[in-house]
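Step one of this worksheet: look at the structure below.
Read-outs throughout are calculated quantities, based only on the coordinates presented, and are distinct from any laboratory measurement. Nothing here was measured: the structure is a model prediction, and the numbers come from that model. Every residue, glycine among them, receives a Cβ derived from its backbone with ideal geometry; neighbour counts consider all protein chains shown.
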Ligand code: UP5
Ligand code: MG
């Protein structure tokens, strides 16, 4: 896809920073299609007959990044199928979280318009994830996995944010405030860009 066919916004931020929550609000108000890479991977893991189920579960529990071939393919298929239904505006949530994914996606799927980046203190994210872990059933909402997710985020995913920062394509929003307050910062930050 070229950037006049589709508009892709990457949504990044640490585990529990509120990417999914804020994307849901953007969908209500701006009719984006929300594609969470993590949700696509969890669905593929649960799909009967998937050859990648066990591998995805292992990576997610370890807080590691699933090999890019799998994730890029899932996102590409999802975008192609929504595009056929006439959708052109996408929020790609929780991706790219490793440099190789960023380069491959922009080459084989579409260039990104900008990256919406949620800044959040680790303490706040930890509190949210432990609370959610009481009911989420996610394999990675436990203290051991959460620590690994934080480390991967700093070591592997922050370089992606820095890469887009060099291209002046990052919009930063603080997210250690109530959901609606964060959302109003999001609206202000992106209103001239969408
Ligand atoms: N909450 C949200 N906002 C709040 C606020 N302002 N005030 C108070 N509470 C707030 O929110 C998390 C929790 O906090 C919720 O309970 C929410 O109500 C509350 P959420 O919106 O879900 O945050 P989000 O940033 O989406 O957190 P998530 O846990 O989804 O982040 P991760 O980035 O860790 O998870 P993701 O699903 O993206 O990835 C999971 C794993 O998949 C990765 O660790 C990795 O192993 C794998 N993965 C890949 O390998 N490749 C990829 O490309 C993507 C994922
Ligand atoms: Mg999420």
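Ranking of 100, 140 by neighbouring Cβ atoms within 10 Å, starting from the fewest: 100, 140. Under 14 Å from a point 7 Å along the Cα-to-Cβ line of residue 108: which residues of the stretch 43-73 have their amide N that close? Hits in the stretch 43-73 for residue 108 at 14 Å: 67-73.
Pairs of Cα atoms in the stretch 7-190 fall into 10 Å distance bins, from 0 up to the last occupied one, in shares of 9, 38, 40, 13, 0 percent. Panel order for 182, 11, by other beta carbons found within 10 Å of each beta carbon, from fewest to most: 182, 11. The GNM of the chain, with springs linking C-alpha atoms under 10 angstrom apart, assigns the highest mean-square fluctuation among 74, 40, 55 to 55. Of all DSSP-defined beta bridges confined to the chain, some 0% are antiparallel rather than parallel. Taking the Cβ-Cβ separation of residue 143 and residue 29 as r and a Förster radius of 30 Å, what is the calculated FRET efficiency to the nearest 0.05? FRET efficiency, residue 143 to residue 29: 0.30. With R₀ fixed at 41 Å, the C-beta to C-beta distance from residue 77 to residue 123 puts the FRET efficiency at about 0.65. Extension gain, residue 47 to residue 193: 0.36 nm times the residue separation minus the Cα-Cα distance gives 48.9 nm. With both labels modelled 7 Å from their Cα along Cα-to-Cβ, the residue 2 to residue 167 distance reads 1.7 nm.
Neighbour counts of other Cβ atoms within 10 Å put 171, 160, 33 in the fewest-to-most order 171, 33, 160.
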